[in-house]
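The values are calculated or read from the model by the stated rules, or taken from the named source; none is laboratory data. Just so you know, these numbers come straight off a predicted model, no measurement behind them. Positions of Cβ are generated from backbone atoms using ideal geometry, with glycine treated the same way; all protein chains shown enter the neighbour counts. With ligands, DNA and RNA removed, areas are computed over all heavy atoms of the protein, side chains included. Shrake-Rupley method; radii C 1.70, N 1.55, O 1.52, S 1.80 Å.
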Amino acid sequence: MLKTLPFIIACLLFCLALPVHAAQPVELVVEGVEGPALDNVRLALALPPGLVHEGKANRLWLQRFSGQADEKVRAALEPFGYYNANVTVVMEPLEKERYRLRVAVVPGEPVRVADVQVELHGSGSGQSSLQGLAAAFPLQKGSILLQQEYEKAKAVFKTRAEALGYLDADFPQHEIRIAPGETSARIKLVMETGERYLFNGTRIEGAPDYPEPFLKRYISFAPGDVFSYASLGETQLNLTNSERFKEVVVLPEKAEATDFRVPVLVQLKQAPRRTLRPGVGYGTDTGARFSLRYRDLNMFHKGHELNAQLYVAERLQGLAAGYIVPDYRDIRSSTTFQLNLQQEDVTAYISRLVAVEVARNHSFGKGELGTVYLRVQQEDFTIGTQESSSRLVLPGIRFSKDSYDNLIHPTSGFRFSVDVRGTHQFIGSDTSLLQCIGEGSHLLPLPWRLSLHSRVRVGTTLFSDPLVDIPPTLRFFAGGDQSVRGYSYKSLGPTDSSGKVAGGKQLLTGSIELERALFQNWGISAFHDAGNAFNTLSDVTLFQGAGIGLHYYSQVGAINLSVARQIGVDHPGYRIHFTVGFQL
């Protein structure tokens, strides 16, 4: 006991040394209202600066403030429908030059709407969306008169009209009539839409090194289209995301409009056309990695792009180069030429690949992209006990569609893609095959900051030649960060006579993950993965893994740490999966 006595005394002295907050010189007590109405009353009765100085209240000033408080309280209650409130304010002196403002409120009956008239005039009066807003006006007969709902409805009306091109839309008559002492109100709201505005020509300044037809492909509207601020925003986003400009300003010149046609000025400041950017990262599948990327975004001053990337990882090394010829009619359509030199050394195989590809990409709408391609590749490989080589001339077609609300930290959306490719000895290949790969993912927002992420990947290969003639880049494997967690990268699939994984003709993998957002940029999740590669449906065995994950969403993407445990095996093991990628 004696040993602990000094510690107890020290704690007491520490507590006594803590600063004691002095009582406030003016105490506010409000009675008779609660909830948002009480919050608004307290806000209205906030003491003006200077009334309290050096911890003391100016008594004469406080008396004047007290005499005005009843009107302030009544005004604060009106937005909630209480127009006939009875307010009593008493200033009570307390000890040590302190005061209490006691506010007693009898709100009375709220004012209710007795009649509503919402009218549309002008050339846009026949617009169905505006008529729908008028019919669904939030304040109807019998509703409590809430000013914030009235103002919100007016703002929605004006925003919708402007979105339809009626830039001069306004309310020449907007009134709420309340007879003194009564508890009923009459609303009359008249919108005059004015004439509808259209887009006129676009003038682009500040990018002399780019041809005008190339720049015009980023413009999301054409002369004669209905004027829309959303189209202006999309144009700005298109130009910003091109990474060719460090400053983008899109200005509608409404003052210069003639015959209700608005010209648009686009002001650009070019970014450096050439960049050399190193990058480092780590992934459980590839190990530590380093990359060096070169880009030239304006080859021959035509807007063509040349890119080349050297990447070195523990299990994957290579050089990828591409040349992109943009389509002047659409920012997502292009013709691309690619060269890929790659060496991969994973658990299942060793591969050395040389490939060239030419592709024609065509946009079918926002987020929809179709591609027709021809790929020629030479691959030397060792898989299991087999050492071989393969030459393929591989034509194919791809289609993908994606829609996410945010590319860095999405909270909802989906993506799916289909890739069909095939070859035959007749066109110069060593073997023949027909292969189809489909994959999709979906992110569903849930209450309580939860989200459900599901994904699936399937593949099938049809061919008459033996599996041994197919290179590992066209065989299917499972396991890894983006496949079945709990197992190493490409460690699952049919085995050869020596018991080593050799890959399969078919693939089926799926995952479901429930994530809970933490703070602003963090998340924690629980997941379950299943899947495998196989040759026939009769020998399907789905390996499973489950675990928990921790996620951090940075400006360059997500950093993910997962711990997974194998399920359904005799001696289950654990595996850590970690992916991160930063650019320097």
Practice prompt. Place a label point 7 angstrom from the Cα of ASP330 along the Cα-to-Cβ direction, then list the residues of the stretch 379-397 whose backbone nitrogen is under 17 Å away.
Written response: 397
Worksheet item: To the nearest 10 Å², what's GLU256's accessible area with a 1.4 Å probe?
Response: 120
Discussion item. Report the gain in length on full extension from ARG100 to LEU276: 0.36 nm times residue separation, minus Cα-Cα distance, nm rounded to one decimal.
Written reply: 56.6 nm
Worksheet item: Given a cut-off of under 8 Å on Cα pairs at least six residues apart, what relative contact order in percent is computed for the stretch 231-306?
Response: 20
Practice prompt. Determine the order of TYR323, TYR229, TYR349 by accessible area, beginning with the largest, at a probe radius of 1.4 Å.
Written response: TYR229, TYR323, TYR349
Worksheet, complete the sentence: For the stretch 471-477, Karplus-derived ³J(HN,Hα) couplings (6.51, -1.76, 1.60; θ = phi - 60°; whole Hz; x for glycine and proline) come out as x, x, 5, 10, 8, 9, 9
Worksheet item: What residues have an amide H closer than 5 Å to that of SER412, excluding those fewer than 5 places away on the same chain, when H is modeled at 1.01 Å from N in the peptide plane?
Response: ASP405, ASN406
Worksheet item: Are any of the pairs LYS158/LYS254; LYS56/LYS96; LYS72/LYS158 more than 19 Å apart by Cα-Cα distance, and if so, which?
Response: LYS72/LYS158
Practice prompt. Would you kindly find the accessible area of SER390, with a 1.4 Å probe and non-protein molecules such as ligands, DNA and RNA excluded, rounding to the nearest 10 Å²?
Written response: 0
Worksheet entry | Per residue solvent-accessible surface (Å²) - the stretch 68-198, probe of 1.4 Å | 51
Worksheet item: Assuming a viscosity of 1.567 mPa s and a temperature of 4 °C, what translational diffusion coefficient in µm² per second does Stokes-Einstein assign to the stretch 333-401, Rh being the Kirkwood radius over Cα pairs?
Response: 94
Discussion item. Based on alpha-carbon centroids, what's the gap between the stretch 111-141 and the stretch 162-232 in Å, whole number please?
Written reply: 19
Worksheet item: Roughly speaking, to the nearest percent, how much of the chain's 1.4 Å accessible area is carbon and sulfur?
Response: 58
Item to complete: Specify which labelled value, from (1) 26.0, 89; (2) 34.4, 103; (3) 29.7, 97, agrees with Rg and Dmax of the Cα atoms in Å derived from the coordinates of the model shown.
Response: (2)
Worksheet item: Taking the Cα atoms of the stretch 360-495, what is the range of coordinates along each of the three principal axes, in descending order and whole Å?
Response: 54, 38, 22
Discussion item. Along the Cα→Cβ direction, 7 angstrom out, place labels at ASP168 and ILE524. What is the inter-label distance in nm?
Written reply: 6.0
Worksheet item: At SER184 and ALA546, where each label point lies 7 Å from the Cα along Cα→Cβ, what is the point-to-point distance in nanometres?
Response: 6.4
Worksheet item: Hey, what number do you get for the chain at 222 nm if only DSSP H runs of n ≥ 4 count, each worth -39500 (n - 2.57), divided across all residues, to the nearest 500?
Response: -4500 deg cm²/dmol
Worksheet item: Long-range amide H contacts for ALA502: which residues qualify at under 5 Å (H placed 1.01 Å from N, peptide plane, sequence gap of 5 or more or a different chain)?
Response: THR495, ASP496
Worksheet item: Mind checking the angle between helix 147-163 and the chain's longest principal axis? C-alpha axes, 0 to 90 degrees, to the nearest 10.
Response: 40
Discussion item. In Å and on Cα atoms, what radius of gyration and Dmax does the stretch 106-172 show?
Written reply: 13.8, 48
Practice prompt. Compute the acute angle (0 to 90°) between the alpha-carbon long axis of helix 5-17 and the principal axis of greatest extent of the alpha-carbon atoms of the chain; round to the nearest 10°.
Written response: 60
Fill in: Dipole magnitude (debye, nearest 20) for the chain, charges at Cβ of Lys, Arg, Asp, Glu
700
Worksheet item: Could you state the number of Å between the C-alpha centres of the stretch 301-369 and the stretch 233-261?
Response: 31
